[in-house]
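Everything on this sheet refers to the single structure shown next.
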Amino acid sequence: GENVEQHPSTLSVQEGDSAVIKCTYSDSASNYFPWYKQELGKGPQLIIDIRSNVGEKKDQRIAVTLNKTAKHFSLHITETQPEDSAVYFCAAPGGTGNQFYFGTGTSLTVIP
Amino acid sequence: DVKVTQSSRYLVKRTGEKVFLECVQDMDHENMFWYRQDPGLGLRLIYFSYDVKMKEKGDIPEGYSVSREKKERFSLILESASTNQTSMYLCASSLGGLARYNEQFFGPGTRLTVL
């Protein structure tokens, strides 16, 4: 099955700085990569995703890049704000039935 | 908005008890999932269901069973709770059908402690 690795496990940045979270995957057939954000006391929520036919996707301050050759994808958050503090999970598809394999999560803290 | 609700936010049970965790979604989704979330391990899939009365094992099904008698409800059952099942349990749902890799919508989670 798919193996998803995520780094770093914790990340602290000053407000206004950028944050980058990286994930690698093992199955070269994987073609869809979502990112979920989990705020304290809540379930994860999709914030951005990318399909393998593009190399980058942006949505305001967040962007995701994909390198299919190297089998890695990254989440970029620019101009970080305190409300960006959360746990972020990357994921890659596996098996059948809309399954995903999730990374181990990155706890991001934005220091005001 | 899709809403996924879980029956309890916090639950404390004793070793050996039978535990039921309930999940209900209100958007007529075909797929439903149960994950457990542990620090440093991320989200691990326990079971999922892509239709009523259908179930598939995920990566860590041992010690768990599930039930899906109605489309909107997916139950996770711990037949005999053990301390190593102390965890956060997350339910999710997504559309099924031909479109692949639909967004999963998560409930708020149930923090289960087994003493």
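For (1) surrounded by fewer than 13 Cβ atoms within 10 Å (Cβ to Cβ); (2) within 19 Å of B:Asp38 (Cβ to Cβ), each residue gets a yes or a no:
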{"residue": "A:Val13", "(1), (2)": "no, no"}
{"residue": "A:Gly16", "(1), (2)": "yes, no"}
{"residue": "A:Lys22", "(1), (2)": "no, no"}
{"residue": "A:Ser26", "(1), (2)": "no, no"}
{"residue": "A:Ser30", "(1), (2)": "no, no"}
{"residue": "A:Lys42", "(1), (2)": "no, yes"}
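Kindly indicate the residue of segment A:48-58 that is away from chain B (no Cβ under 14 Å) and in a strand (DSSP E or B) and also surrounded by the most Cβ atoms within 10 Å (Cβ to Cβ) among those meeting that condition.
A:Lys57
A quick yes/no check of all residues on (1) of a type in the set (Val, Ile, Thr); (2) under 22 Å from A:Tyr88 (Cβ atoms); (3) in contact with a strand residue (DSSP E or B) (Cβ under 6 Å, 6 or more places away or on another chain):
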{"residue": "B:Phe33", "(1), (2), (3)": "no, yes, yes"}
{"residue": "B:Gln37", "(1), (2), (3)": "no, yes, yes"}
{"residue": "B:Gly40", "(1), (2), (3)": "no, yes, no"}
{"residue": "B:Tyr50", "(1), (2), (3)": "no, no, yes"}
{"residue": "B:Lys55", "(1), (2), (3)": "no, no, yes"}
{"residue": "B:Glu72", "(1), (2), (3)": "no, no, yes"}
{"residue": "B:Tyr89", "(1), (2), (3)": "no, yes, yes"}
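Let me confirm something: among A:Thr65, A:Thr104, which residue is buried (at least 17 other Cβ atoms within 10 Å of the Cβ), β-branched (Val, Ile, Thr) and within 11 Å of another protein chain (Cβ to nearest Cβ)?
Within the list A:Thr65, A:Thr104, the selection yields A:Thr104.
Out of segment B:47-74, which residues are farther than 19 Å from B:Thr5 by Cα, crowded, with 16+ Cβ neighbours inside 10 Å and of a type in the set (Gly, Ala, Ser)?
B:Gly58
Could you tell me how many of the residues in segment A:74-105 are small (Gly, Ala, Ser) and outside any strand (DSSP E or B)?
The number of residues fulfilling the criteria is 6.
Within segment B:97-109, take every residue that is more than 16 Å from A:Phe102 (Cα to Cα) and facing chain A (nearest Cβ under 7 Å) and give me the one that is modelled with the lowest pLDDT.
Step by step, filter segment B:97-109, then rank; the result is B:Arg100.
From the list A:Gly43, A:Gly97, A:Gly16, exactly one residue is within 10 Å of chain B (Cβ to nearest Cβ) and at pLDDT 95 or above. Which is it?
On inspection, the qualifying residue turns out to be A:Gly43.
Given (1) over 26 Å from B:Glu56 (Cβ atoms); (2) at pLDDT below 95, identify the lone condition not met by A:His76.
Just one mismatch for A:His76, condition (2).
Just a yes or no: is a residue in segment B:75-86 within 13 Å of chain A (Cβ to nearest Cβ) and surrounded by 18 or more Cβ atoms within 10 Å (Cβ to Cβ)?
For segment B:75-86, residues within 13 Å of chain A (Cβ to nearest Cβ) and surrounded by 18 or more Cβ atoms within 10 Å (Cβ to Cβ): absent.
Considering only segment A:26-39, state which residues are part of a loop (DSSP other than H, G, I, E, B) and modelled with pLDDT of 95 or more.
Selection gives A:Glu39 alone.
The values are calculated or read from the model by the stated rules, or taken from the named source; none is laboratory data. Note that the structure is a prediction, hence the values are computed from the model and not measured. Every residue, glycine among them, receives a Cβ derived from its backbone with ideal geometry; neighbour counts consider all protein chains shown.
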